[in-house]
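> Structure below; questions to follow.
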Amino acid sequence: MLASWPFLNSRGFEQQGVDTLKVRDAKDVEDAVQAAIASEQPLEIIGNGSKRLIGQPMATNALLDLSSLNAVTSYEPNELIITVQAGAPVADVQSLIDSRNQQFAFEPIDTAPLLGTANQATIGGMIGAGLAGPRRIKAGGARDHLLGAHGVSGFGDSFKAGGRVVKNVTGYDLCKLLAGSWGTLAVITEVTLKVMPRPESERTLVLRGLDAARANRTMTAALGSPFDVSGAAHVPGSVFHVAATELGDLGSPGEAVTLLRLEGILASVVHRAAALGKLLAPFGVAQVLEDAASAAVWSSVRDVVPFAAIGALGAWPVWRIVCPPASGGALGERLARDSGGEVIYDWGGGLIWAALPPRPDAQVALVRQRVNAVGGHATLVRGSDELRRNVDVFHPQPAGLAALSERVRQSFDPKNILNRGRMSRNSAT
Amino acid sequence: MAIMMPAPDQSVLARRDQIVAALRAIVAGEGVIDTSAEMVPYESDGLMSYRQPPMVVVLPDTTEQVSQVLKYCFEQGIKVVPRGSGTSLSGGALPLADAVLLGLGKFKRIREIDFDNRVVVTEPGVTNLAISEAVAHAGYYYAPDPSSQIACSIGGNVAENSGGVHCLKYGMTTNNVLGCEIVLITGEIIRVGGKSAEASGYDLMGIITGSEGLLGVITEVTVRILQKPETARAVMVGFAQVEAAGECVARIIGAGIIPGGMEMMDKPAIHAAEAFVHAGYPLDVEALLIIELDGPGVEVDELIRRVEAIAKGCGSTTVQISASEAERNLFWAGRKAAFPAVGRISPDYLCMDGTIPRGKLPEALARIRDLSAKYDLRVANVFHAGDGNLHPLILFDANKTDEMQRAEAFGADILRVCVELGGVLTGEHGVGIEKRDLMPEMFSDIDLNQQQRLKCAFDAQGLLNPGKVFPTLHRCAELGRMHVHAGKLAFPELPRF
């Protein structure tokens, strides 16, 4: 019977002894999960495999491939919603909504440059990973834009979460759990996402030569203003020296750049750019980038292009650190100094991308100790199989929280069928 | 009462004196209330047609006390109903005869204001408005603004995932909280999230928010605060037909404009509000939109021009633009007083809370009008039109035979219409007891079982706020059982790992 299913043989996932089950519809997903439960065979859930290299290596030899579930079920621009199947490529969906001047406001990251994978990200992976870009500080994350989902739990049952309207408090908000759960709770088959109007214009203020502490204070001042800043990032000068990288239309500035983005209607961004420039005068004189030039820079920041896999730091493990924004400057600066690594700051200091020189342990103890001290958390987003086998990829939690999270996981997947062990080395068996 | 609550456990009631004594040993003095007279204020919440005296009220003032109370109740198999300010409109804090009512009213302190990280760390009994007031001197505010914000507590807001007029642009509670301290029924104290934009691991804050007191007791909340917009102005637009007003809402959103708030009132609501607050509402229109634009002055001016043009294109009959802050507040005064205004023209009213896709507003209104005729009860409609959240107010007189039953049946039919039109049972008031028995209109048994299994991960004995949200109580063991799908396996030969 297995042989009657379409197999996938052309995209490089195949390994000796690995079966790929390419599903055609949600019913196939149910069948596959039920069979996996019966045979106690864990499944790795996959779209196009663009983020397969993130997480602990998984204990499975069967892939559940959702790439054929790729239809746009409905798109209602006036309702600000789109319903789409999990396997649909993010880029295709984004160009569809772009044609109606709309966007995913949480600015999903394209991890391809960082991970060096050519495969196109899918909507299911975008939600499962929940990696939001620079606009998270203003618009929220993937979890804030997932209105509803259909999926198959580890019980082999199709269930729905949420609905198709923006305002909904009916029952538990399961969508929040599904976003960022890395496929460990359910196989998401279809989602309804909120879409938002794309801003008519944008401006970026560029301040040069600030050190991390001063840049952090600059971003804090900007985010504490009424000017509705939608991006606040800082790239230290050393990143350009070590990585010899380009930052969108800014080129390779050679000195540190602090970036503050404003979006909206033209009259508004012009007014706010002037007012913000004045407010930040004590920190330096701001150059202003307009529209396409501004967008190019933020696209590089979003996708962490300076640490790209094909660049000079391509072999370095990369950590993604989330922390209280005002502690970011000091944390990043000391971590870079003590590890010999390079860092890039986003979210006003609340997100730090840290590329550290290769070591067998990715300097996990140093990273976690520093991050714990400010109440943040760190995820190893780039590292070899061996490295990811040896360290906790996701931040270890205090015992009570970890136990509660594990009970939550079991409430969806008691047999540990779905992406077994991806988020925790302790749940690998 | 039309809604049945779980039968009281007589063995617990028989031990009442012992339970009261044990609670007094944890919370001394006036923190334990056990006389019928003193418990009267706790008999109901904002859903006032339902009343039930609790077994005993306990008002702890430290997390440690909350933990000890819950641990004691867990060990003794006693149910617990958490309560904030008691403003729930869905009966979320309705006591049970055999349950301890755990009030968080003494948790009144703001613990930390951190402007650099743009957060406030607060105890759960602090009111929604008090948070905004505490940070107003620095130009900040807390965005979600439920109508009850002067009284409702932030802990209750988290439990209910409260909304408000401005959540169209600024999100609901869930989009504005970053972390909490929660005490599980076992007494275990867990910290979730904090001052970072997102927490590690599963988004437990996301699931706790809106869980209606069924998962744990919140003893601290960290909320995001925002800078107030530079300016805000309101446009008031009247329409001769409800359909035209609905079209106007759709076109504004379609034009890429997300107003700070976009509210609609129908004729009965307009008349009731105008009679109450004299806001200058036009009385000869069928529908009134209040649209608020906020941001820098140049942006607001430009958007008002666009909104005005759209409104005229939709056949508006009146357009008024607020020229001063006083006038803007006056426009809102009628809308914000709509519930009490309706209370003046009817002895009783039921406030419903469904959400529909925005584009279905005219259809929903027509269906509500038909139902009004069917049930022979008047209805006044106020909507958060921008996000399709309806608040039909059903007018009735509880002293007249069967009017309350008719009103409840009318309300249930409205919510069924919401689901039928692609919407949901509740947009911001919560399920509570009010919409509990309607949950199967929206969710299958499988959907509800998954939600209840999640409840089991937090509260395996089902002791926290039972009888709310879910129409059927299941034992966790039964929910966790893996049914066998034998005989129809698509991959019987799937290799074993």
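> If you go through segment B:202-236 one residue at a time, how many are buried (at least 24 other Cβ atoms within 10 Å of the Cβ) and free of Cβ contacts under 8 Å to residues at least 40 places away in the same chain?
The total comes to 4.
> If you check A:Thr170, A:Thr184, A:Thr117, which single one turns out to be in a loop (DSSP other than H, G, I, E, B), among the β-branched types (Val, Ile, Thr) and more than 11 Å from chain B (Cβ to nearest Cβ)? Full working, then the answer.
Details: A:Thr170 fails: more than 11 Å from chain B (Cβ to nearest Cβ); A:Thr184 fails: more than 11 Å from chain B (Cβ to nearest Cβ).
None of the others qualify; the one that does is A:Thr117.
> So which of B:Gln405, B:Gln461, B:Gln452 ends up being in contact with a His (Cβ under 7 Å, 6 or more places away or on another chain) and at pLDDT 90 or above?
B:Gln452
> Scan segment B:118-137 for residues that are in contact (Cβ under 8 Å) with a residue 60 or more places away in the chain and part of a loop (DSSP other than H, G, I, E, B) and jot them down.
If the condition is that a residue be in contact (Cβ under 8 Å) with a residue 60 or more places away in the chain and part of a loop (DSSP other than H, G, I, E, B), then B:Arg118, B:Glu123, B:Pro124 are the ones that fit.
> Consider A:Ala139 carefully, then state whether it is crowded, with 24+ Cβ neighbours inside 10 Å and either within 10 Å of chain B (Cβ to nearest Cβ) or modelled with pLDDT under 95 (or both). Break it down into steps so the answer makes sense when it comes.
Values: crowded, with 24+ Cβ neighbours inside 10 Å: no; either within 10 Å of chain B (Cβ to nearest Cβ) or modelled with pLDDT under 95 (or both): yes.
Criteria not met by A:Ala139.
> Can you find even one residue in segment A:360-373 that is buried (at least 17 other Cβ atoms within 10 Å of the Cβ) and in a loop (DSSP other than H, G, I, E, B)? Outline the logic, then answer.
Initial filter on segment A:360-373 (buried (at least 17 other Cβ atoms within 10 Å of the Cβ)): A:362-364, A:366-368, A:370-371.
Restricting the remaining residues to those that are in a loop (DSSP other than H, G, I, E, B) gives A:362-363.
Yes: one or more hits.
> Another question, if that's okay. Please state which one of A:Val257, A:Val235 is in the same structural domain as A:Trp298 (by TED's automatic domain parsing), free of Cβ contacts under 8 Å to residues at least 60 places away in the same chain and not basic (Lys, Arg). Write out each step before concluding.
Values: A:Val235 fails: free of Cβ contacts under 8 Å to residues at least 60 places away in the same chain.
Step by step, each of A:Val257, A:Val235 is checked, and only A:Val257 is in the same structural domain as A:Trp298 (by TED's automatic domain parsing), free of Cβ contacts under 8 Å to residues at least 60 places away in the same chain and not basic (Lys, Arg).
> Residues that are closer than 20 Å to B:Ala338 by Cα and away from chain A (no Cβ under 14 Å): find the helices (runs of 4 or more DSSP H) completely inside segment B:367-474 holding 3 or more of those.
By residue number, B:403-420.
> Among strands (runs of 3 or more DSSP E) lying entirely in segment A:49-114, which contain 2 or more residues that are among the β-branched types (Val, Ile, Thr) and more than 14 Å from every other protein chain (Cβ to nearest Cβ)?
none
> Could you check segment B:269-302 and list, in sequence order, the residues that are part of a helix (DSSP H, G or I) and over 20 Å from A:Ala275 (Cα atoms)?
B:Ala269, B:Ile270, B:His271, B:Ala272, B:Ala273, B:Glu274, B:Ala275, B:Phe276, B:Val277
> Okay, moving on. Looking only at segment B:254-290, count how many residues are within 14 Å of chain A (Cβ to nearest Cβ), under 16 Å from B:Pro362 (Cα atoms) and either surrounded by fewer than 24 Cβ atoms within 10 Å (Cβ to Cβ) or small (Gly, Ala, Ser) (or both).
0
> Right, another one. Mind checking whether some residue in segment A:147-164 is assigned to a loop (DSSP other than H, G, I, E, B), over 24 Å from B:Lys360 (Cβ atoms) and away from chain B (no Cβ under 13 Å)?
no
> Looking for whichever is modelled with pLDDT of 95 or more and either surrounded by 24 or more Cβ atoms within 10 Å (Cβ to Cβ) or among the acidic types (Asp, Glu) (or both) here; the options are A:Ala233, A:Ala256, A:Ala213. Which one fits?
Result of the check over A:Ala233, A:Ala256, A:Ala213: A:Ala233.
> Within segment B:1-26, which residues are within 27 Å of B:Ser148 (Cβ to Cβ) and surrounded by 14 or more Cβ atoms within 10 Å (Cβ to Cβ)?
Selection gives B:Ile3, B:Met5.
> Right, next: Mind listing whichever residues of segment B:219-239 are within 21 Å of the chain's Cα centre (by Cα) and in a strand (DSSP E or B)?
Hits for segment B:219-239 are B:Thr219, B:Glu220, B:Val221, B:Thr222, B:Val223, B:Arg224.
> Okay, next question. Pairs under 6 Å by beta carbon, first residue under 14 Å from B:Gln18 (Cα atoms) in segment B:60-77, partner of a type in the set (Gly, Ala, Ser), six or more apart or different chains?
B:Tyr72/B:Ala22
> Examine segment B:181-199 for a residue that is facing chain A (nearest Cβ under 8 Å), touching a residue at least 40 places away in the same chain (Cβ under 8 Å), in contact with a strand residue (DSSP E or B) (Cβ under 8 Å, 6 or more places away or on another chain) and among the small types (Gly, Ala, Ser), and state whether such a residue exists.
Taking segment B:181-199 as the starting set, the residues that turn out to be facing chain A (nearest Cβ under 8 Å) are B:184, B:188-192, B:194-199.
When the remaining residues are screened for being touching a residue at least 40 places away in the same chain (Cβ under 8 Å), the result is B:184, B:188-189, B:195.
Keeping just the survivors that are in contact with a strand residue (DSSP E or B) (Cβ under 8 Å, 6 or more places away or on another chain) gives B:184, B:189, B:195.
So of that shortlist, the ones also among the small types (Gly, Ala, Ser) come out as none.
Scanning segment B:181-199, I find no residue that is facing chain A (nearest Cβ under 8 Å), touching a residue at least 40 places away in the same chain (Cβ under 8 Å), in contact with a strand residue (DSSP E or B) (Cβ under 8 Å, 6 or more places away or on another chain) and among the small types (Gly, Ala, Ser), so the answer is no.
> Looking at A:Ala362, A:Ala309, A:Ala399, which one is without any contact (Cβ under 8 Å) to a residue 12 or more places away in the chain and farther than 30 Å from B:Leu448 by Cβ?
Working: A:Ala362 fails: without any contact (Cβ under 8 Å) to a residue 12 or more places away in the chain; A:Ala309 fails: without any contact (Cβ under 8 Å) to a residue 12 or more places away in the chain.
Answer to the selection: A:Ala399.
> Here is a check on your reading of the model: is B:Gly163 crowded, with 24+ Cβ neighbours inside 10 Å, at the interface with chain A (Cβ under 8 Å from one of its Cβ atoms) and more than 25 Å from B:Gln461 (Cβ to Cβ)?
yes
The values are calculated or read from the model by the stated rules, or taken from the named source; none is laboratory data. Keep in mind it's a predicted model, so treat the numbers as computed, not measured. For neighbour counting, all protein chains shown are included, and Cβ atoms are generated from backbone atoms with ideal geometry for every residue, glycine included.
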